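Trainee: Sharing a structure here in structure tokens format.
The values are calculated or read from the model by the stated rules, or taken from the named source; none is laboratory data. From a predicted model like this one, the values you see are computed outputs, not experimental measurements. Ideal geometry is used to build each Cβ from the backbone, glycine not excepted, and the neighbour counts take in all protein chains shown.
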Amino acid sequence: MSAAIASELTCKELVELVTDYFEDRLATDENRRFELHVCSCTGCRVNLAQMRALVRAAGRLVENDVPVAVRDGLLRTFRAWKRT
Amino acid sequence: MVGHFQPLLSPDLESGSGAQGSPWPRERPDHGEQDLLEALRGGDESAFSRLVDLHHASMVRVARLYVGTVAAAEEVAQEAWLGVLQGLARFEGRCTLKAWIFAIVANCAKSRGARDKRTIPLSALGPDDEGGASVDPDRFLEDGHPRWPGHWSQPPEAWDEDELVSRETLEAIASALEKLPPMQRAVMTMRDVEGLGSDETCQVLGISEANQRVLLHRARSKVRKALESYLHEGEVSP
């Protein structure tokens, strides 16, 4: 049973489909094979979890500090715009 | 200088649905956006200041994708703010405010690129790379393996959740992102760092959805690999 699944979609193939899977771009059948494989394969499950963790971590890279001098300059732009 | 701003927004940017995205929830900072816009149109300075807090740093990051230095990116972002203010009356909220602002930044960065020969617009760059596997082929059993062809021979090891959120790890991710080819870096920055949807990313960057997805996958795969080396070997990949 598991050998049959492995012959359908290999780990090497699956790692190329992870973003398509996240983006919901796999055909129904391919999506089923993807999920079936992940259920029975620890390596692919870890890889999938890492890709997910990476995306979440990248979302934390945002730093929003604006230097005072920059803000002051932008406020001057805003006041000039208001006058127009 | 500021007179050079041209409202070159692609007319279809605001027609996209903008709702598509990844399977986990993302923060979309549109809470109170309408109120903010109303106040802004009325000339409310504190509303503008709030908008600067929300978007200026992102605008510099997006500009940085197009121009060579942080200083140039800062100038592009400041010029783009004038474009934002001038275009405010025309913004109808059919895409997120962030995507609309990014498109203005991209236009400002490109026109700066045209004026300043030292900067290379993203669109002028050739194909990013030769393709290549997402994971080193050596980590799989050979295709002719009698029992497990293409199965992991060296599977990845689970990451420590606490380590993942450390400042050092985030720095390693930022550093890997910096090293990506320009378009891969641009797509991953827009999607994963700034949180734009795929259709908005395509419109800001002027690429197809399929191309966007390929670039995103290459980018994420490379950063995953760099992070794996960092977390398991304590080294930043070259």
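Trainee: Tally time: how many residues in region A:4-31 are in a helix (DSSP H, G or I), of a type in the set (S, T, N, Q) and at the interface with another protein chain (Cβ under 7 Å from one of its Cβ atoms)?
Mentor: Of the residues in that region, 1 qualify.
Trainee: Next question, about the same structure. Is it true that some residue in region B:176-184 is within 8 Å of another protein chain (Cβ to nearest Cβ) and in contact with a helix residue (DSSP H, G or I) (Cβ under 9 Å, 6 or more places away or on another chain)?
Mentor: yes
Trainee: Select, from A:Phe78, A:Phe34, the only residue that is more than 7 Å from chain B (Cβ to nearest Cβ) and either surrounded by 17 or more Cβ atoms within 10 Å (Cβ to Cβ) or under 26 Å from B:Asp199 (Cβ atoms) (or both).
Mentor: The conditions single out A:Phe34.
Trainee: On to the next question. Look through region B:133-161, keep the residues that are part of a loop (DSSP other than H, G, I, E, B) and charged (D, E, K, R), and return whichever of them is farthest from the chain's Cα centre (by Cα).
Mentor: B:Arg147
Trainee: Name the residues in region B:186-211 that are under 13 Å from the mean Cα position of the chain (by Cα) and at the interface with chain A (Cβ under 9 Å from one of its Cβ atoms), would you?
Mentor: B:Met188, B:Thr189, B:Arg191, B:Asp192, B:Val193, B:Glu194, B:Gly195, B:Ser198
Trainee: Now a separate question. In this structure, does B:Val214 turn out to be among the β-branched types (Val, Ile, Thr), closer than 26 Å to B:Val105 by Cα and more than 10 Å from chain A (Cβ to nearest Cβ)?
Mentor: no
Trainee: Within region A:57-69, can you find the residues that are facing chain B (nearest Cβ under 7 Å) and in a helix (DSSP H, G or I)? Steps first, answer last, please.
Mentor: Pass one, region A:57-69, residues facing chain B (nearest Cβ under 7 Å): A:57-66.
If the condition is that a residue be facing chain B (nearest Cβ under 7 Å) and in a helix (DSSP H, G or I), then A:Ala57, A:Ala58 are the ones that fit.
Trainee: Sticking with this one: Being surrounded by fewer than 16 Cβ atoms within 10 Å (Cβ to Cβ) and in a helix (DSSP H, G or I) narrows it down to one residue among A:Cys39, A:Cys44; which is it?
Mentor: Criteria check complete, one pass: A:Cys39.
Trainee: Continuing with this model, one more query. Residues that are more than 10 Å from chain A (Cβ to nearest Cβ), in contact with a strand residue (DSSP E or B) (Cβ under 8 Å, 6 or more places away or on another chain) and at pLDDT 80 or above: find the helices (runs of 4 or more DSSP H) completely inside region B:1-101 holding 2 or more of those.
Mentor: none
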